[in-house]
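Some notes on the structure that comes next.
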Amino acid sequence: MSPLQRVTVLGATGSIGRSTLDVLARHPQRYQVFALSGFTRLAELEALCLLHRPSYAVTADSASARHLQGALHSAGLTTRVLFGSDGLCEVAAHPQTDTVMAAIVGAAGLAPTLAAVTAGKRILLANKEALVMSGALFMQAVRKSGSVLLPIDSEHNAIFQCLPGDYSRGLGPVGVRRILLTASGGPFRETPLAELSAVTPGQACAHPNWSMGRKISVDSASMMNKGLELIEACWLFDARPSQVEVVIHPQSVIHSLVDYVDGSVLAQLGNPDMRTPIAHALAWPERIDSGVAALDLFKVARLDFQPPDEQRFPCLSLSRQAAEAGNSAPAMLNAANEVAVEAFLAQRIRFTDIPLLIADVLNREQTLKVESLDDVMAADQRARAAAGLWLNRYADQGM
Ligand code: NAD
Ligand code: MG
C-alpha cells in the first residue's frame, strides 16, 4: 500500500459517506479521495467533488453524469464522471484505489462491493445488505483475493476490536462462548403495542441515539437492522446463529461484547458516532483522531440491559429463521424487507405490515441452494416479485 491511501467512497452523499469524508479530511497526509459516488442528490455530489477533488465520480445514469461532468470541468476539475453499476464496479476495482468504503444502502451495493473484494482491496464494509445476501460467496471471495475486510457497523466493529487477532482460527479455538450484539431498541422500544400500527415514517426515522439514512432508520425501528446484523456477524466471525445473542441496551454506549469461556466479557464503548468505527477501520491496526468527543462516563452514569421482546419485534425471529435456513433465505429476507421499507416510507403499508409481508414471502418462496452470484440475484428477484404480489393484495388498504 502506498503511504498515501487512495480511498473510494461508494455512497458518498449518504450518512456514512459524509462521516467518512469528515474523517478523511482530518488526515490529508494519510488519505486522498480517489472516487465518490452518489445516486439522487446530484448537487450534494457536485459540492463534495469540488471539496475533495476526486479522480472519478459516479452518478446514477448518463444524463446526470453528463451534467456533473460539465459542471466539474467548468470549475477546472479533471474528475472523470462515470455512471451506473458498471461505473461503480470500475472505480471499486480500479488499480489506483487502495481502500473502498462500501456505503451504498441495500442490494444495489452488492456488485460494486464484490468487485472491490475480488480486486483485493481493503474493504470498509457498511453495506451489510451485500454480505447478508451473498454471505458464503462474499467470504469465499475475500479469502481468495486476500482482501482485508473491516466492519464499519458499530456492533461488528466493536466485536472485531474485542476479538483476538487470530479469531479466524474459529470462535471455539480462541475461547469465545458467545457474541453479545447490542441494540438500542429504536424509537418504539416502549410504544404501546396497540399504537405501533399507526406510527408514521417520520416517527420511525427519529432514532433516539443515531442519525442515519432513512432505510436503516426504519430497520432500527423494526429491529430488522439487528436481524440483518445477526446474519452479518455469523459471516464475519464464522459464528452459528445460536452463538449470537441480542441484548437491548438503550444508551448505545456499549457497541457490543464478546463473552469468553473463562467468564471474561470484553466490551467496546464510545459515544454513538459512526466516525469512531470509520476511523478505526481506516487506520487499523493504527489509531487516528476521528473528531469524536471523549466518552464522559459520569454523564452516561448508567447502562441498562434487557432481553428483546420478540412479539414487539417479529423481524428479529424472522431473521434468526433465515440465518438458520441459510442458502437463499437471507437474500429473500433482505429483498422482501427492502420492498416493505420502501412501501412503508411511501405510506402504502403500515409499520406493522413490514414483518407480515416478509413472513409471507419467506413462507411462499422455497429456500434454494446458492452457488453463484446469479443464484443470489435470482433469489432477490423472486422475493421482490412475491413482495410485489403481497403489495398488490394488501397495500393502500385503510392508509
Ligand atoms: P443513506 O441513505 O444516508 O446513504 C445511502 C447512499 O447510497 C447514498 O450515497 C445514495 O446516493 C446511495 N444509493 C442509494 N441507492 C443507490 C443505488 N440504487 N445505487 C447506487 N447508490 C445508491 O444510508 P446510510 O445510513 O449512509 O447507510 C449506508 C449503508 O451503511 C447501509 O447499508 C446501512 O445499513 C449501513 N450502516 C449505516 C449506519 C449509519 O449510522 N448510517 C450504521 C451502520 C451501517
Ligand atoms: Mg449497527
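At the listed q of 0.17, 0.22, 0.24 Å⁻¹, the Debye profile of the stretch 169-252, built from one uniform point per Cα, gives log10 I(q)/I(0) equal to -0.73, -1.01, -1.12.
Histogrammed with a bin width of 10 Å, the alpha carbon distances of the stretch 5-151 distribute as 13, 46, 33, 8, 0 percent, first bin at zero.
Using the 1.4 Å probe convention, the accessible area of the chain works out to 42 Å² per residue with neighbouring protein chains retained. Excluding same-chain neighbours fewer than eight residues apart, the lysines reachable from residue 144 by a Cα-Cα span under 26 Å are 121, 128, 369.
Here the stretch 152-318 carries DSSP beta bridges of which approximately 65% are antiparallel, counting only pairs with both residues inside. A Förster distance of 22 Å, applied to the separation of the beta-carbon atoms of residue 392 and residue 347, puts the FRET efficiency at 0.85. With all protein chains in place and a 1.4 Å probe, the accessible surface of the stretch 152-318 carries 53 percent carbon and sulfur. Once you reduce the stretch 342-359 and the stretch 45-89 to the center of their Cα atoms, the two points are 35 Å from each other. Expressed as a whole percent, the accessible surface of the stretch 352-399 that belongs to carbon and sulfur atoms is 51, based on a 1.4 Å probe. Here the stretch 5-151 exposes an accessible surface that is 54 percent carbon and sulfur, computed with a 1.4 Å probe and the other protein chains kept in place. Once C-alpha pairs closer than 8 Å and six or more residues apart are averaged by separation and normalised to the residue number of the stretch 326-399, the relative contact order reads 47 percent. Remark: the stretch 374-390, residue by residue, has Karplus-estimated 3J(HN,Hα) of 4, 4, 5, 5, 5, 5, 4, 5, 4, 5, 5, 5, 5, 5, x, 5, 4 Hz, where x stands for each Gly or Pro and the curve is 6.51 cos²θ - 1.76 cosθ + 1.60 at θ = phi - 60°. Ordering 52, 87, 104 by the projection of their Cα atoms onto the charge dipole of the chain, which places +1 on the Cβ of Lys and Arg and -1 on the Cβ of Asp and Glu, puts 52 at the extreme positive end.
Count the DSSP beta bridges whose two residues both fall in the chain, then state the antiparallel fraction as a percent rounded to the nearest 5. Around 25 percent of the beta bridges assigned by DSSP in the chain are antiparallel ones. Using a Debye calculation, one point per C-alpha and no hydration shell, please list log10 I(q)/I(0) for the stretch 196-324 at q = 0.10, 0.15, 0.16 Å⁻¹ in order. Values returned for q = 0.10, 0.15, 0.16 Å⁻¹ are -0.39, -0.90, -1.03.
Summing Cβ point charges (Lys, Arg +1; Asp, Glu -1) relative to the Cα centre of the chain gives a dipole of roughly 580 debye.
P(r) tail for the stretch 66-225: Cα pairs beyond 29 Å make up 36% of the total.
Taking only the C-alpha atoms of the chain, Rg followed by Dmax gives 20.5, 64 Å. Shown is the FRET efficiency for residue 309 and residue 269, computed with R0 = 25 Å from the Cβ-Cβ distance and rounded to the nearest 0.05: 0.50.
Compute the Rg/Rh shape ratio of the stretch 326-399: radius of gyration over Kirkwood radius, all on alpha-carbon atoms. Result for the stretch 326-399 is an Rg/Rh of 1.01. With every protein chain in place and a 1.4 angstrom probe, the accessible-area ranking of 261, 361, largest first, reads 261, 361. Per-peptide packing, taken as the mean over residues of other Cβ atoms within 10 Å, places 83-94, 334-345, 307-318 in the sequence 334-345, 83-94, 307-318 from highest down.
The value of relative contact order for the chain, using C-alpha pairs under 8 Å at least six residues apart, is 14 percent.
The values are calculated or read from the model by the stated rules, or taken from the named source; none is laboratory data. Everything numeric here is computed off the predicted structure, so don't read it as measured data. Neighbour counts are summed over all protein chains in view; Cβ atoms, including those assigned to glycine, are modelled from backbone coordinates with ideal geometry. What goes into the accessible areas is simple: the full protein's heavy atoms, side chains included, and nothing from ligands, DNA or RNA. Shrake-Rupley method; radii C 1.70, N 1.55, O 1.52, S 1.80 Å.
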